[in-house]
Each structure stands twice: as structure tokens, then as C-alpha cells.
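Structure, as C-alpha cells:
The values are calculated or read from the model by the stated rules, or taken from the named source; none is laboratory data. On a predicted model such as this, the values are computed, not experimentally measured, just so you know. Cβ placement follows ideal geometry from the backbone for every residue including glycine, while neighbour counts extend to all protein chains displayed. The accessibility values were calculated without ligands, DNA or RNA, using every heavy atom of the protein model including side chains. Shrake-Rupley method; radii C 1.70, N 1.55, O 1.52, S 1.80 Å.
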There are 2 protein chains.
Amino acid sequence: MNKPHREFAGSGRIEVNHAGLMALAAFLFSGTLFAKPAEDDAKLLKKAREVFEPLPKDAATGEFPVSTDRVNLGRMLFFDPRISIDGSGSCLHCHQPALYGADALPKSRGVHDQVAPRNAPTVLNAGLQFKIHWDGVFENVEEQATKALLGPGFGNPDHTAAMARVKAIPGYSEMFQKAFPGESDSMTAHNWGKAIGAYERTLVTPSRFDEYLGGESDALSAVERRGLSTFIDTGCAQCHDGPAIGGGRFEKFGVVNDYWNETGSKEIDQGRFKITNDSADLYQFKVAGLRNVAMTPPYFHDGSVGTLTEAVRIMAKVQLGTDISENDTSDVVAFLRSLTGKLPDDFASAPVLPPAAFDPMLSGTASKAVSRPKPEE
Amino acid sequence: MNKPHREFAGSGRIEVNHAGLMALAAFLFSGTLFAKPAEDDAKLLKKAREVFEPLPKDAATGEFPVSTDRVNLGRMLFFDPRISIDGSGSCLHCHQPALYGADALPKSRGVHDQVAPRNAPTVLNAGLQFKIHWDGVFENVEEQATKALLGPGFGNPDHTAAMARVKAIPGYSEMFQKAFPGESDSMTAHNWGKAIGAYERTLVTPSRFDEYLGGESDALSAVERRGLSTFIDTGCAQCHDGPAIGGGRFEKFGVVNDYWNETGSKEIDQGRFKITNDSADLYQFKVAGLRNVAMTPPYFHDGSVGTLTEAVRIMAKVQLGTDISENDTSDVVAFLRSLTGKLPDDFASAPVLPPAAFDPMLSGTASKAVSRPKPEE
């Protein structure tokens, strides 16, 4: 772990020369010499604890446990491309460990050159969010995984066809039976989703910010704490709160100004309105969770913005009506970087899958495999 | 590492009951009670050492060193999809750690739904082969990687466009400078290939067979040794030899019988003839390296055969004119399984890539990204 910079303590003899003066001037200009005293640090920590929570060790619930058998099975299924219609798609394809569980694309590429309708968020800490997908159409990661089998990432015509692919791979049958004991037919799409979900619920990434919330005030540098303070005082934390620093509610994107004027989005996305047809839901999206946000550009539901600095500026402008200064933006970005945790070992590292060839003839999908479905977008 | 089964030693009192008699009968039937004596083991080891070699610790050469800086850079580039025309392709996409460096497909899927012309072999131990690709069109892994930037896996229109993508990602510039010191412009497609190649040359996977070759005769079980003996005596080892158990020469596929009558291949592939137009090269392919072969179905240049048992039967038939027995096949398969090594840690585990969004507008490739090139096949 990187140790945060200590502030200038003022003790000790200072040798002044030209370079020293220049450095001192830079120091003064940056404001770190006039850092807030310790009382303010205590206040900031108290304020932070009122809106944020440290990450739990996993996102298990009573309904969705993370038993070892389920997690091991889910991890293998997550990494396995043979469940997709052409053998090239997988959970992994849009949620790559090397890219912190996302894919760096504005919108993901699925099988048969399909483009997903919205940006793929990281799978890390996703189990902590109150709904899944930008429009919250899925209640939990389990439901999302189950439905993904039929989406552009996998392209299966139905769940029977998808599970026929799973069943054709020797080894999975026993793993399903162990993960879902006592079920007469455990190899179902729902159990696929539950296994993947169990795995995803283990993918939490505590960072220095959690140490800070735990009381280690200097786990964040002075700049990061200033950014945290600005993040709270400007109003960002009104929505980006809780253990996932967001992911807990829907909000309109563009409270004060139309978002597309700032993001340069080519299409205007109506958000939850598309599902509910309720005008109150126009441009409503799930508030993004900001854990690891520095590692997962591009930003927003359409991946229209490539840098965190620009994303922070736009959020202040269109959500809060604030023209945030460059210094404040830079502080907030520094704070957001402190939300980057370590990749979980079981995510960074691939499991070894049971060897078996992808069978293009399975479930009569071969003829579909050479046709080209129209992209959903 | 799994310890091999010890053979029945014949000492000690044997309690005979019904179950014991049945087990003894099965034992006798399987032939292990009449295992060859130690002199034959010594002969087999000697014979094996005449055709095979243990894996070296890496596949570095004077021309292609595996310096830490090159390997680290190459590993990141290998895992990075942002160098492809639509941000979805990468070395990793067709060479997945979870699938032992292959993709389980008959033929790989590239960007824009393109299908590669032949089956993707594992990247593991590829640096040890004398040429690269089934037709040996590339001299080494470095050349293959460089050319792959323009193939169906990446889809770049030219190397300038490909390297513009690399240059757009902050962090790579410094890594190239470190990996290729003293070069005024180190961010070239050739150096991309050299870095990827350096990484690939570290991906060697010693197995129990290497311990056997080192003199530990019981590192292989009796069945595996019998399979090894059959593998040599039947003639397989005439071509599948050296440290990679193949990968060292071209041979005609179908020496005795036309291969497609046995593989059921839908298309007849002329092999090296397509490159050389020399009738002597008709149906000539590079002999496959058999390291980890049990982990990388399907088999042959067109992935037309899904199981190792069937692949062994076909090879005996069409290359050697032998109708190999089921028992012999099963022994050979047992031997081939002993060639499965451990995944290298730096391959099983993903590196963390410098965060940056894929930019579809780079190099004016955006308009091409929405068109659909004709598959090369």
C-alpha cells in the first residue's frame, strides 16, 4: 500500500536557497502548508462516516449466500465462453480483470458484432448495488446473470439452448449438484445466475478509503482528504453514498442542465422512462457506484466521457449547477483515486476450466451462428 | 503434483474374498500385474530421451531475449483489447488462460464477427516451435504477433493505426522506452511483436513428463509409461518429438489416407500449398506440439475433432496406416495427459492495465468500425 504524504510539520531547520524558495512558493501556492488542523480532520472523518460505510467482506445475503461450492462454480461459469452462441462471448469478455472488471469501451461488443445498449460497469462490488443495469431493470446480480444468457453478450435463443451448452461440458453437472444440493434438476438457468451471483458477491475491493473510515485518518493524503471534503460539501455524496459510494438509488441525469449538452452524447437516452413509460422516470438512471472509478473509463451510461476529470466537471455542472474549479476537480479526482482497491485474487487469476470443445451444432444454433442478428442498439 | 500410482509389489499377505478376487481379476485384465520389469523401464526412459527433451526454463534466444522489461510490457499488451479496431479483440481473446491458452473453438472468432481461417493453437510453449501458424507462414512468435495486429483478431487497417491505439494509452510510452532502450522511436509494431514474443517465450509449462525425462521413472504411472511406449513404437514420436513434443517440422496430413474422410472436415485445406504453390506442399502442415494437448480441444488445423481419443485414432489411421486398438489409444491418451503442466502464474493472473478509454475515433477508423469486413475464411 502506498503511504500517504505527510504534511509539512514545520519542525527542523530549513536551509533556504533559490531552489528551496521556489519549492516553498510552490508549496504555499498548493495550499498544503495551510492544511486544516487536526480538529477539522476529526470533523471530516465524522462527516464521512455519516454518509459512507466501509465495504463488507462480501455482499452475501440470506437469500444469496456465498457458499464455497457456489462461488467456485460461479467463477468457472464466469470465465467460460462456451456458453455463448458462437463460443466467443462470456461474462469475462465485458468484465476483464486487466481492466478492473470492465472493458474500456463506450458500449460493450457482444457476439455477432452486436453492441450493448449501454456502458458495461465494473463487476467489482456490483453485488452491493440496490439494482442492476443503468436503468435498474434487474433486481440483483443473479437476475442479471440469468438474463445475460439471452442478451448480446451471449446471444442464446433461449435458456434451454444456453443450458444445453453448460450440460455438454463434462464436470459442470457434479459442480451444480454440489452447489445446489437436494435439487432434482440443478442445472437450470436460475442456478447459473445464482452461482455467478455468488461469485460476484465475493468481488469486493476495500481500499485506503476503508482504512480511513475505520479511523486511520492519515490513510488518505491531505489532498485526498480535501477532495473528500469537497465531494461531500459540493453535494456529490448526497447520491454517491453508502459502502459502494453510489449504486443505491435512481436519480435524474441532468437535474440542472441537459446532460447531453455537456457529455456530447450523440443519442439521448431516456433512462428508466423506457421501462416504466412514466414521465417522472425520464432520464432517470441508477447512481453509479464509484469504487475503482479511476480504473474504469469511459464514464456515464453511454461511455461518452473518457476522463475522470471531465466526468467530475460535468457531474458538478449538470447535477448541482456548480462550475467546479480546476483545483477542486483535481482534489475530488485525487479522492476518487483512493477508492481503487486491490483486484481480488480469485478474479485476477483465471480458473482452469474443464477441457471440452465448443460445439457449434448444439441446440440447432449452428445455422443462427452464421446469420447476423441486428444489433440491439 | 499428483503422485503416480505405484505398481503392485507382490509382497505382503493378501486377504482373498469375493471382492478381492474381482479386483484381482480386473487387475490381471488391465495388465498392470504383469508390468514390465525395471530393465524395460530403463530401456523406455533411454528410448524416450532419444526423441524428447525436457522443457527449457524459457524459449529465449540471442535474438529474442526475455528481459524483465520486455516481458512485463508484452504481458500487458497481450491482455489489452484496446489495440483492436473495435476494442474487443486481443491476444487474450483467442488465447485464454482458463482454456489453457486456446479458445475451445474450431476456428477463432475475431473482431466484426470474422472467423479465423484455422484453429488457434495454445500460446503455451509456442515460442519453442520452429515456425508459427499451421502453415508455418511466420518465422517466430514475434512475427506472428506483429502481423496479428492486421488479422481478424485485431482488424487494424495498418500498423500505423494499430500503434496509434497503443500510443493513446498513457503509460505504454515509458514501458516501450525501458524495454527497447536507445531506440529513438521505440513504439513500433515490430517492438510490439518483440514484447509480446518475449512474454510468450516465458510461457513454458513443465509437467510430470519432464520429471520422467529427468530420470524419475515413476513420475509417470504404469499406464502412462505404456502409452509412452506405444506412442514411440507406433511411430507418433517420429514427428511429435523434441521439447514441445512436436512443432519442429512440416508433414503431410494424410500420409496414408485422406484426412477428411476421417475428420469429417467440411472443407479440404491445402495447407502449405496455399503459400508456396508447390505440389510437394499439398496438405502439408506444421506438426502440432502436444504439450497440454489434453486441455485444448478441439483438434487439427480446422478443429474438426472434439476429443483426444478420436484424434489419436485418426492420426494412427491417416498418418501411419494403423488401426490402433482401444486399449492402445487409451494408453496413449493417458500418456498425453501427462504432458499437461501448470499454468504459468503470469499467464493465469491478469496484469492491471493503465486505465484509459478505448477511443473509437482514433486513426479515422470509426467509420470502418461500423462496416463489416468480409471474413477472411
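Do any helices (runs of 4 or more DSSP H) lying entirely in the stretch A:3-100 carry at least 1 residues that are open to solvent by 30 Å² or more (accessible area, probe 1.4 Å) and at pLDDT below 95, and which ones are they?
Details: elements: A:18-30, A:38-51, A:68-79, A:91-94.
By residue number, A:18-30, A:38-51.
Give the stretch B:258-315 a look and list any residue that's of a type in the set (Ser, Thr, Tyr), touching a helix residue (DSSP H, G or I) at 6+ places or on another chain (Cβ under 8 Å) and within 14 Å of another protein chain (Cβ to nearest Cβ), or say none. Break it down into steps so the answer makes sense when it comes.
Here is the first cut: in the stretch B:258-315, the residues of a type in the set (Ser, Thr, Tyr) are B:259, B:263, B:265, B:276, B:279, B:283, B:296, B:299, B:304, B:307, B:309.
Retained after the next criterion (residues that are touching a helix residue (DSSP H, G or I) at 6+ places or on another chain (Cβ under 8 Å)): B:259, B:263, B:279, B:283, B:296, B:299, B:304, B:309.
Answer for the stretch B:258-315, where residues must be of a type in the set (Ser, Thr, Tyr), touching a helix residue (DSSP H, G or I) at 6+ places or on another chain (Cβ under 8 Å) and within 14 Å of another protein chain (Cβ to nearest Cβ): B:263, B:296, B:299, B:304, B:309.
Tally the residues that are away from chain A (no Cβ under 11 Å) and not acidic (Asp, Glu), restricting the search to the stretch B:66-82. Before you say what the answer is, go through the steps one by one.
Going through the stretch B:66-82, the residues away from chain A (no Cβ under 11 Å) turn out to be B:66-74.
Narrowing the set further to residues that are not acidic (Asp, Glu) leaves B:66-68, B:70-74.
Residues flagged as away from chain A (no Cβ under 11 Å) and not acidic (Asp, Glu) within the stretch B:66-82 amount to 8.
For residue B:106, only one of the following conditions fails: (1) facing chain A (nearest Cβ under 8 Å); (2) open to solvent by less than 10 Å² (accessible area, probe 1.4 Å). What is its number?
If we test residue B:106 against (1) facing chain A (nearest Cβ under 8 Å); (2) open to solvent by less than 10 Å² (accessible area, probe 1.4 Å), just (2) comes out false.
Of all residues in the stretch A:341-357 being open to solvent by 40 Å² or more (accessible area, probe 1.4 Å) and assigned to a loop (DSSP other than H, G, I, E, B), which is farthest from residue A:88 (Cα to Cα)? Give the derivation first.
Taking the stretch A:341-357 first, the residues open to solvent by 40 Å² or more (accessible area, probe 1.4 Å) are A:342, A:345-346, A:352, A:355.
In the following step, the residues that additionally are assigned to a loop (DSSP other than H, G, I, E, B) were identified as A:342, A:352, A:355.
On the way: A:342: 28, A:352: 17, A:355: 16 Å.
Result: A:342.
Residues of the stretch B:101-110 being within 17 Å of residue A:79 (Cα to Cα) and part of a loop (DSSP other than H, G, I, E, B), which ones?
Within the stretch B:101-110, the subset within 17 Å of residue A:79 (Cα to Cα) is B:101-105, B:108-109.
Hits for the stretch B:101-110 are B:101, B:103, B:104, B:105, B:108.
Among the listed residues A:290, A:320, A:308, which satisfies the condition of being more than 18 Å from the chain's Cα centre (by Cα) and hydrophobic (A, V, I, L, M, F, W, C)?
Values: A:290 fails: more than 18 Å from the chain's Cα centre (by Cα); A:308 fails: more than 18 Å from the chain's Cα centre (by Cα).
It is A:320.
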